[in-house]
Amino acid sequence: MIKKTKNTGTKPRNKTKSAPRRFVVRQSGIHGRGVFALTDIPKGTRLIEYLGERMSHEEADRRYGDLHEGSAHTMLFAANDEVVIDATQWGSSARWINHSCGPNCEAVEDEGRVFIETRRAIRAGEELVYDYELIVEERHTAKLKREHACYCGARRCRGTMLGRKR
C-alpha cells in the first residue's frame with residue numbers, strides 16, 4: 001500500500017531556518033505514535049518533508065510485497081510514478097503522522113518530494129493527521145477494508161484508510 005499525494009508544483013511556504021519546534025512525536029489515541037502541534041500553526045503552512053530512502057516502485061514491491069501482504073502498516077510513500085520513499089529506517093517525523101478521514105493536513109508532491117502542509121489552522125496540542133488514501137490494485141472487498149481499518153474517530157469516518165478506486 002502506498003500513500004497518495006496532491007501535486008501542486010509550488011515552492012515551500014513559511015520556511016525559515018531558525019523556526020521554533022512546531023510539533024513533537026508522542027503516543028497517539030488514534031494509533032501508536034502520532035505527531036502533535038506544540039504551537040498554533042496557521043493554515044497553509046508547510047510543516048515537514050516526508051524523508052527516507054528513495055527507490056523505484058518495483059524495488060519497493062520486491063522488498064516489501066510479501067511483508068506488507070494483509071498489513072496496513074507501511075512507511076512507504078509514492079512521491080510520483082517513478083519514486084517511492086521508504087521511511088522505515090531513517091525517515092523524518094512525518095512518518096508518524098496518522099491517518100484521518102477528517103484531515104487537518106495534506107501530503108503535497110513538489111518536484112518528486114513530498115511535504116506535509118496544513119489544510120486549516122491547527123491549535124497547540126492537536127494531533128496532525130492527513131488522509132492516506134492508500135492505493136491497492138485489488139478489488140475493495142469488505143475483508144480488504146477491514147484489513148485497512150481506520151480508527152480516526154472523525155465524524156464522517158469512512159472506516160478504511162483505502163482511497164477511492166480510480
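The table below gives the values:
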{"item": "For residue 39, solvent-accessible area (1.4 Å; no DNA, RNA or ligand), Å²", "result": "50 Å²"}
{"item": "Simple label model, 7 Å out from Cα along Cβ direction - residue 151 to residue 121, nm", "result": "3.2 nm"}
{"item": "Cβ-derived FRET efficiency at R0 35 Å, residue 90 paired with residue 136, nearest 0.05", "result": "0.85"}
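The values are calculated or read from the model by the stated rules, or taken from the named source; none is laboratory data. Remember, predicted model here, so these are calculated numbers, not experimental data. Note: ideal-geometry Cβ built from the backbone for every residue, glycine included; neighbour counts use all protein chains shown. Accessible surface is based on the protein model in full, side chains and every heavy atom, while ligands, DNA and RNA are left aside. Shrake-Rupley method; radii C 1.70, N 1.55, O 1.52, S 1.80 Å.
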